[in-house]
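Asker: A single structure is presented below for examination.
Throughout, read-outs are computed from the coordinates displayed, never taken from laboratory work. A quick note: this is a predicted structure, and the numbers were derived from the prediction, not measured. So basically every Cβ, Gly included, is an ideal-geometry build from the backbone, and we count neighbours across all protein chains shown.
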Amino acid sequence: MSSDFYTTQILPYAAIIIKICRAYTDTQEDFEDYYQEVCLQIWRSKDNFKEQSAWSTWIYRLSLNVCLTFLKKKKNNKQNAPSDLLPDEVLVDSRAFSDESLNQLYDAIRKLSEIDRGVILLYLEEKSYQEIADIMGTNTNNIGVRITRIKERLKKILNQSH
Amino acid sequence: MEKSIETIWKEGFLKNDALVAPKLNDLYNQKSIDIVEKFKRMYKLNRIGVATFAIIIIPLSYGTKMISMGVLMSLLFTVVFFIAQKYSKQLNQIDKNTSSYEYLSSFNSWVKDMTALNSKLSTFMYPYIFIAMILGFWFIQVDEEILGNMFINGLVSEFPTTYLINGFPILLLIPFFLAIGVIAFFGSKIGKWDINLVYGRILNRLENTLSDMEELRK
């Protein structure tokens with residue numbers, strides 16, 4: 001990847017990638033791997049960008065896809081390797097941010113299903129229902145209901161952790 | 001009052017430390033080590049396989065009464081094992097105290113040397129295996145008679161006018177040498193196919209990572 005491409009086309013949108021990768025990873029090491037894989041994937045797929053959507057929307061979509069694929073691979077590996085950890089114990093609190101409330105919110109987001117994580121991240125990033133549906137590859141009909149349900153679930157998890 | 005998740009989100013990311021992008025090059029270091037280590041493991045397994053085959057082929061050939069084939073195959077696989085051992089030593093000598101690009105480039109040169117040699121060897125190796133197998137069948141004893149001799153006798157009685165060279169009918173020698181020629185001609189290709197079958201995926205990863213890194217260095 002040329003450093004010029006990274007500086008001009010990826011770095012200005014790094015916040016998007018960071019926010020998404022944090023929601024799909026439990027450790028700093030995993031986060032760095034996911035982040036870099038997303039960057040590489042953006043660079044590899046840059047010629048496929050058809051300008052039908054904004055560059056940032058495309059980055060959201062690609063980041064989510066890479067994270068979901070990585071997570072799937074990780075799950076498969078865990079299925080093959082015996083582990084004593086219970087699912088909740090796997091979700092280690094990574095304490096990635098100095099803001100404690102944000103850390104808690106991320107911990108709660110990580111307890112959602114993979115798709116719900118993507119939906120709520122896009123909602124928090126103030127994407128419209130149409131954009132969320134486009135990025136997640138669903139229709140707009142149930143996005144509103146789904147977001148309400150996810151928010152309730154998040155509140156419940158956050159209240160439990162207090 | 002408790003903050004809404006929207007407020008937590010917005011306020012949390014206003015802090016400077018929240019969005020620090022990690023450096024990009026670490027992944028390449030990791031990938032380089034992963035690729036070479038995985039290859040080393042596969043190469044070791046391959047050598048163990050070759051050595052095992054060189055040993056078990058002897059009792060196997062004894063059991064199937066094709067001892068000459070067993071001895072010749074065992075000899076060949078022993079030689080292949082020692083060549084692979086020599087190459088393995090060279091692989092372990094690749095300097096790890098260089099950049100990941102230099103490390104992978106050195107590994108790539110080693111792979112090219114190894115595949116070039118394998119390609120050359122295959123030109124001789126596959127005809128050798130063919131000859132070993134023919135000899136194996138040839139010297140099988142059936143009712144105290146050698147199968148090869150029975151075959152020649154049958155051929156000569158079927159074609160009594162056939163030309164003989166050192167007691168071997170030309171009708172047998174022509175297809176035999178023709179087959180050797182064809183196998184030798186395709187030996188190098190078979191060798192490449194063989195390498196690709198075993199190491200293809202990892203060598204593709206090596207190629208992709210190297211080209212990524214080359215692009216990054218521009």
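Asker: Pop out the ³J(HN,Hα) list for region B:151-162 in order, Karplus 6.51 cos²θ - 1.76 cosθ + 1.60 with θ = phi - 60°, rounded to Hz; leave Gly and Pro as x.
Answerer: 5, 4, 4, x, 5, 5, 6, 6, 10, x, 8, 5
Asker: Taking the Cα centre as origin and putting +1 on Lys and Arg beta-carbons and -1 on Asp and Glu beta-carbons, what dipole magnitude results for region B:24-217, to the nearest 20 debye?
Answerer: 500
Asker: Of B:P59, B:P175, B:P22, which is the most mobile in a GNM of chain B whose springs link Cα atoms less than 10 angstrom apart?
Answerer: Comparing B:P59, B:P175, B:P22 in a Gaussian network model of chain B, the most mobile one is B:P22.
Asker: Determine the alpha carbon to alpha carbon distance for each of A:K46/A:K72; A:K19/A:K127; B:K44/B:K86; A:K155/B:K3; B:K120/B:K189; A:K127/A:K156 and list only those over 21 Å.
Answerer: Those over the limit are A:K46/A:K72; A:K127/A:K156.
Asker: Another question about this same structure. Would you calculate, for chain B, the mean residue ellipticity at 222 nm contributed by helices, counting each DSSP H stretch of 4 or more residues as -39,500 (n - 2.57) and dividing by all residues, to the nearest 500?
Answerer: -28500 deg cm²/dmol
Asker: Follow-up. Each residue of region B:75-88 in turn: what ³J(HN,Hα) in whole Hz from Karplus with 6.51, -1.76, 1.60 and θ = phi - 60°, glycine and Pro shown as x?
Answerer: Values per residue, Gly and Pro as x: 4, 4, 5, 5, 4, 4, 4, 5, 5, 5, 4, 4, 5, 5 Hz.
Asker: Considering only A:V145, A:V38, A:V119, give the residue with the highest GNM mean-square fluctuation for chain A, with springs between Cα atoms whenever their separation is below 10 Å.
Answerer: A:V145
Asker: Highest GNM mean-square fluctuation, chain B, Cα pairs closer than 10 Å: which of B:L203, B:L178, B:L76?
Answerer: Among B:L203, B:L178, B:L76, the largest GNM mean-square fluctuation belongs to B:L178.
Asker: Could you calculate the contour length gain from B:L164 to B:L45, that is, 0.36 nm times the residue separation minus the distance between their Cα atoms, to one decimal place in nm?
Answerer: Between B:L164 and B:L45, full extension yields 38.1 nm more.
Asker: About its Cα centre, how strong a charge dipole does chain A have in debye, to the nearest 20, once Lys and Arg get +1 and Asp and Glu get -1 at the Cβ?
Answerer: The calculation lands at about 560 debye.
Asker: Under 1.5 on a/c is rounded, so check that first for region A:3-161, then, if it is not, pick prolate when a/b is larger than b/c and oblate when it is not; a ≥ b ≥ c are the square roots of the alpha carbon gyration tensor eigenvalues.
Answerer: Because a/c hits 1.5 or more and a/b fails to exceed b/c, region A:3-161 counts as oblate.
Asker: Divide by every residue of chain A the summed helix terms, -39500 (n - 2.57) for each DSSP H run of at least 4, and state the resulting mean residue ellipticity at 222 nm, rounded to the nearest 500 deg cm²/dmol.
Answerer: The helix-only estimate for chain A comes to -21000 deg cm²/dmol at 222 nm.
Asker: Oh, and also: Express the relative contact order of chain A as a whole percentage, based on alpha carbon pairs under 8 Å and six or more residues apart in sequence.
Answerer: 24
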